[in-house]
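Below is one structure, written out as structure tokens; the observations come after it.
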Amino acid sequence: MYLKINQIHLIIFISVILIGLQFGCATAPPSTLESPYKISSLRLNKTAVITSGLLPKTSFNTFAKGRMAGAGKGIMKGFKTLVVAPAIGLGVDVVGGTAGLGTLLGMAFGALYLPTSPIIGAIKAVPEKESKEIELAIPNILSELRVQESFATHIIKASENNLSGYHLELVNSKLSESREDKQSYNNLKKDGFDSVLEVAIDEIGFDGGEGSNPSIAFFMKGHYRLIYIADNSVLSTKTLSYMSSRSKLSEWLANDSQRIQNKLDEGYHRFTAETIENPFLLVDLAAPMWSADDHCMLRPLYPEFGIGLLPTGPEYYPIDSLQPTLKWESFPREIDIKNFSNQISEVSYDIQIWSVITDSPGALVYERIKLSAPFHKLEQPLISSNRYFWTVRARFMLNGRQRITNWSYSRIPGAISCSERLIPGANYFRFTTP
């Protein structure tokens with residue numbers, strides 16, 4: 001019996017989806033960020049920055065710690081596979097009309113995988129001694145660093161360079177232990193504060209890695225919350241996250257843990273940008289949910305933007321140089337001129353280029369801010385025969401205050417709205433180098 005090509009594609013597609021649902025997939029929760037129009041309409045002027053008085057939680061997140069724990073997890077996964085694989089095959093049979101072939105293949109795969117699952121689990125586990133060494137590395141380093149104060153200091157410095165019309169000031173106060181407990185900040189009114197920016201680094205540690213001497217990534221988690229003192233309402237809040245590339249533990253600890261300190265600074269920079277930009281600078285210029293546009297904000301002109309025959313996302317456009325000149329639609333667009341008349345001035349642009357890891361954004365490999373024109377020739381070469389994501393946004397003055405647009409991205413797949421704060425990996429503009 002021969003299957004048609006579209007039936008084979010259907011089997012592969014459904015199998016991948018169902019396996020992902022069974023064994024877990026990471027999703028980003030929607031941000032609770034409120035419209036910047038509400039914040040700007042309040043005309044905030046003086047904001048108190050308050051840090052957490054607690055050290056961040058430290059952890060090592062991996063498949064399993066110790067061979068026995070790995071074998072146990074492997075067996076559990078084996079039994080799940082034994083049950084789920086035939087169900088996946090049945091779904092393929094029902095949708096694709098494969099006359100029981102999918103079910104038989106699923107049963108065979110589950111039966112073959114179960115006996116090997118504890119061995120696979122034990123191999124994937126990080127040995128217990130190495131796990132303890134990794135878990136101790138971060139607390140030992142944190143004991144010498146003032147993580148919360150460093151985050152706040154980055155925010156104050158960034159506000160001085162990027163915020164016009166706002167004054168952020170670090171005050172000698174600490175957050176309550178539970179970030180859900182709204183503290184009353186009425187006592188700050190007498191000092192002229194109209195709002196409070198709570199900031200905290202919540203967790204720091206290592207992630208991933210399998211087997212002996214694993215390659216692990218450094219990660220940070222944090223949050224901010226902007227509170228309007230007059231009624232104690234939350235104007236904006238967001239969970240922050242950062243993940244580095246992977247290295248061996250010995251590399252992380254070399255030269256007095258210099259790499260960890262470098263990644264801490266990189267995480268501070270990322271968190272600070274989001275904390276300053278989202279509540280104070282961002283202006284929603286979103287298209288309607290059912291807009292006919294296939295992109296949000298500024299359309300890329302080179303590399304060209306296009307959608308393939310299957311609506312799975314933008315295509316990787318082949319460029320002809322390792323130092324291309326990126327071009328994009330200029331700002332303000334016609335709709336912006338119509339909405340804001342002559343209130344927009346001093347326009348510049350920011351661009352970001354990311355490496356691609358299994359169709360997801362990897363490391364940020366190139367970034368420039370405040371470019372004066374809607375085009376930019378890269379100042380350093382990219383890597384040959386590589387895939388990249390990229391995006392662009394506008395930076396401008398609106399009624400005398402610094403503002404930014406949202407980052408640009410494709411609305412396909414998913415027909416997503418133009419008010420996303422975290423761009424899904426499938427929706428980045430993309431290209432491939434020669």
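The values are calculated or read from the model by the stated rules, or taken from the named source; none is laboratory data. This one's a predicted model, so the numbers in the text were calculated from it and none came from an experiment. What goes into the accessible areas is simple: the full protein's heavy atoms, side chains included, and nothing from ligands, DNA or RNA. Shrake-Rupley method; radii C 1.70, N 1.55, O 1.52, S 1.80 Å.
Volume per residue of the convex hull around the Cα atoms, evaluated for segment 223-268, comes out as 84 Å³. What the pair-distance distribution of segment 105-176 shows, using all Cα-Cα distances binned every 5 Å from zero, is 3, 11, 11, 10, 9, 8, 7, 8, 7, 7, 8, 7, 4, 0 percent. Once backbone amide H atoms are built at 1.01 Å from N, Tyr224 has Lys238, Leu240 as its partners under 5 Å, excluding neighbours fewer than 5 places away on the same chain.
How would segment 367-434 be classified by its alpha-carbon gyration tensor: rounded, prolate or oblate, with rounded meaning a/c under 1.5 and the a/b versus b/c comparison settling the rest? Oblate is the answer for segment 367-434, as a/c is 1.5 or above yet b/c matches or exceeds a/b. Greater than 30 Å separation of Cα atoms is the criterion. Which listed pairs, Lys190/Lys221; Lys189/Lys370; Lys77/Lys221; Lys77/Lys263; Lys57/Lys124; Lys77/Lys238, meet it? Among Lys190/Lys221; Lys189/Lys370; Lys77/Lys221; Lys77/Lys263; Lys57/Lys124; Lys77/Lys238, the Cα-Cα distance tops 30 Å for Lys190/Lys221; Lys189/Lys370; Lys77/Lys263; Lys77/Lys238. Remark on Glu210: its backbone amide H falls under 5 Å from those of Ser215, a criterion applied only to residues 5 or more positions apart or on other chains, H modelled at 1.01 Å from N. Residues Leu104, Leu282 ordered from highest to lowest accessible area at a 1.4 Å probe: Leu104, Leu282.
The phi torsions of segment 273-283, fed into the Karplus equation with coefficients 6.51, -1.76 and 1.60 and a -60° offset, translate into couplings of 4, 5, 5, 7, 6, 4, x, 10, 10, 5, 10 Hz, rounded to whole numbers, with Gly and Pro shown as x.
Within the straight-line cut-off of under 17 Å between alpha carbons, the aspartates and glutamates reachable from Lys65 are Glu128, Glu130, Glu133, Glu135, Asp207, Glu210, sequence neighbours fewer than 8 places apart in one chain being disregarded.
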